[in-house]
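Written out below as structure tokens is the structure these notes cover.
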Amino acid sequence: MVATELLSGIEKIARLLGEKGFNVSVRSIREKNLFNEVTEFELVRAVSKDMGFVLSVRIGKALESRIHVYYAKRSGDLEDLVDELESLGFSVSVDDKGITASTQTSLDDAYRIVTRLVDVLKT
């Protein structure tokens, strides 16, 4: 059942991003930490070069998600985007190159958050 939910969630997020014009890739990753513990997860990565935006959603087998956002500053003020990211629960840092943000959430909330981010970025 968990595998079905995992694949369904990944497919939903990847389809949403693809429909919004992002270049999307999905891959399975298997990592070992210093204690030889193996972690397996799926990674959905979306890139929009015209907007300078990279979004990655890392989804573990227990249906937990980590979302990372990288947004290159093109011009103008980033304050509204920073406020939106913080309201969605992201830890945000801003420097002269742009925004880096991350959050950890459930798979269901990941889809809701990605949907909101895409709406904010496309307006």
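Values quoted throughout were computed directly from the atomic coordinates according to the rules given, and no laboratory measurement underlies them. The structure displayed is predicted, hence computed values, not measured ones. We place every Cβ from the backbone using ideal geometry, glycine too, and count neighbours over all the protein chains shown.
Taking the highest mean first, how do the peptides 37-43, 26-32, 101-107, 16-22 order by number of other beta carbon atoms within 10 angstrom per residue?
The densest-packed peptide leads the list: 101-107, 16-22, 37-43, 26-32.
Ratio of alpha-carbon Rg to the 2.2 N^0.38 Å globular estimate for the stretch 82-123, to two decimals, please.
1.17
Report P(r) for the chain: all Cα-Cα distances, bin width 10 Å, range 0 to the bin holding the largest distance, values in whole percent.
Per 10 Å bin, starting at zero, the Cα-Cα P(r) for the chain comes out as 12, 45, 32, 10, 1 percent.
Around Glu86, with a cut-off of 13 angstrom between Cβ atoms, what is the net charge of the other residues, counting Lys and Arg +1 and Asp and Glu -1?
So the surrounding residues net to -3.
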